[in-house]
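Please read the structure below before turning to the comments.
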Protein chains: 2
Amino acid sequence: MSHPKSKHDEHPLKNYKIVLEYDGTPYCGWQVQAKGQSIQGVIQEALKKLTKEKVSVTASGRTDAGVHALGQVAHFKSHTTRPIARFQYALNAMIAPTISVKSMEEVPLEFHAQLDAKNKLYSYLILNHTVPSVFMDRFSWQVPKPLNWDAIHAALEILVGEHDFKSFQSVGTDLKSTVRKIDWVKIEECFKDHPHLYAIQIQANGFLKQMVRNIIGTMVQVGQGRVAPKDIKKILEAKDRRKAGPAAPARGLFLISVQY
Amino acid sequence: MSHPKSKHDEHPLKNYKIVLEYDGTPYCGWQVQAKGQSIQGVIQEALKKLTKEKVSVTASGRTDAGVHALGQVAHFKSHTTRPIARFQYALNAMIAPTISVKSMEEVPLEFHAQLDAKNKLYSYLILNHTVPSVFMDRFSWQVPKPLNWDAIHAALEILVGEHDFKSFQSVGTDLKSTVRKIDWVKIEECFKDHPHLYAIQIQANGFLKQMVRNIIGTMVQVGQGRVAPKDIKKILEAKDRRKAGPAAPARGLFLISVQY
């Protein structure tokens, strides 16, 4: 006697790629944790309600507690037959206002948001001014005293290319290789209405744990004249986390986009 | 027997003009109320602690609960001898992160933030898209279906000039004249990263109670094809609040600047 056909046999499994925006402030980070609310957890809960399936969502990489995203990419598999535009709309209604699915598309079953990622772009916002900004408070690090941005630019340029970034990796990982390639760096003044707001953008083929925040913390020391731009080479060569500066706060960090 | 000299005799009274930025979301509005936290109340409390005086802060006008400001102007008088830069810095430290004093200057004693205001500029943000925006959620009204922006533009132009705006005044005021002059209106797409975010800017020599929100609510009806642009003239002439559309939500409204 054969088993009756299940719903899963009738409706083929599909793979969905989603691009996400989130305000990381209220979350313990991307990944589901024993305590605290995670971005992954909120999306998985909503998908469970919408699809009646247990859905696992995989991102291009974890983001830490308090880190934001303008273009995090993730994938998940489901047998749902919902039309995709309505599926996205219903999902957004459940996860608003701190998470938003900017786009949703069906992709080949083998697409993997983490393993297929080729490059990532991060941006870190620094408000370099004595006057706080009400609207950028959740989204930037306020450094009141003027920084030497030319020195920061010179120091950042030394990081471009393929290097062992072990000195900029926070503890708690067990990676085989700490070599990554930074494609380019850029400092931008963000808005005409925000003359003191600077964005440091870094694109690389991958990032170590808290690598951007450790780089930014070091760059602020450079901008304060406490570390010379030429010392950056020595810090890289030391392959020792203690040689670099402290991690910059999570609030200023945005995952901008992931390329495949 | 004469009274000993008080501190107030020694230190002359000064008048301070401050320009304020605030996120109106958590407040019951500008003005101190029996219930709820007000922007005026938070600033007055901080000034009391800093100056040991009972300080009254007068703004260019009240803003409603939930309305934001990029450039609200206010004045207050104090005998304090604090150097002005430090005074501003200390005040900002006490009222952050939802209120910020962008600038502070000493002005002649007769300067009055409300009575001397010549023009005000408001901006209202509409996110005209099905996908919500995490970062603009507190600061815009999401209208999912596409609006006819040409019709809105045509309707707005009819409001420019001196008119009796009684149809756009909410109940609860007892003004002698409801005539105001709108200097200009403008629709701007705000950010390159936000192609669906529109700012409707209105500058006038004064605004009636909830006038901007009542205009915007009516404009959205125009954009939806429910009110024709040519009907705006009839709505003005009716001088009847019931002829115009409902008030748009407070979250999208910003007081941008006040001219003296």
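A few points about this structure:
- Accessible area expressed per residue, the protein assembly as shown, with surrounding protein chains retained (probe 1.4 Å, Å²): 49 Å²
- Between B:Ser60, B:Leu159, B:Phe135, the Cα set farthest toward the positive side of the dipole of the stretch B:12-168 (charges on each charged residue's Cβ, about the Cα centre) is that of B:Ser60.
- Net charge over other residues, Cβ less than 11 angstrom from the Cβ of B:Asp231 (K, R count +1; D, E count -1): +4
- Virtual spin-label span in nm between B:Lys181 and A:Lys35, 7 Å along Cα→Cβ: 6.3 nm
- Residue-count net charge about A:Tyr260 - beta-carbon cut-off 11 Å; Lys, Arg +1, Asp, Glu -1: +2
- Positions from the stretch A:115-137 whose accessible area shrinks by 50 Å² or more when the full protein complex is built, not the chain alone, probe 1.4 Å: A:Val131, A:Pro132, A:Val134, A:Phe135
- For the stretch A:133-260, the fraction of 1.4 Å probe accessible surface lying on carbon and sulfur atoms is 50 percent.
- Backbone N atoms of the stretch B:147-173 closer than 13 Å to the 7 Å Cα→Cβ label point of B:Arg242 are not found in any residue.
- The stretch B:140-189: C-alpha gyration tensor shape, a/c 1.5 cut-off, then a/b vs b/c: oblate
- Projected over every direction and averaged, the convex hull enclosing the alpha-carbon atoms of chain B yields 16.5 nm².
- Between chain A and chain B, roughly 1900 Å² of accessible surface gets buried, counting both sides and using a 1.4 Å probe.
- The Cβ shell under 14 Å around A:Asn15 holds other residues with a net charge of -2, Lys and Arg each +1, Asp and Glu each -1.
- Distances between copies at B:Arg226, taken between label points 7 Å from Cα along the C-beta direction, are 5.7 nm in increasing order.
- Using a 7 Å projection from Cα along Cα-to-Cβ, the label point at B:Asn148 is separated from the same position in the remaining copies by 6.1 nm, smallest value first.
- Only helical runs count toward this figure. For chain B, summing -39,500 (n - 2.57) over DSSP H runs of n ≥ 4 and dividing by all residues gives -7000 deg cm²/dmol at 222 nm.
- Shape category assigned to the stretch A:95-200 from the gyration tensor of Cα positions, a/c cut at 1.5: oblate
- Using a 7 Å Cα-to-Cβ projection, A:Lys77 label spacings across copies, nm, ascending: 7.6
- Nearest-ten-degree value, helix B:84-95 long axis tilted from longest Cα axis of chain B: 60 degrees
The values are calculated or read from the model by the stated rules, or taken from the named source; none is laboratory data. No experiment lies behind these values; they were computed from the predicted model shown. Ideal geometry is used to build each Cβ from the backbone, glycine not excepted, and the neighbour counts take in all protein chains shown. In case anyone asks, the SASA skips ligands and DNA or RNA and just uses the protein heavy atoms, side chains included. Shrake-Rupley method; radii C 1.70, N 1.55, O 1.52, S 1.80 Å.
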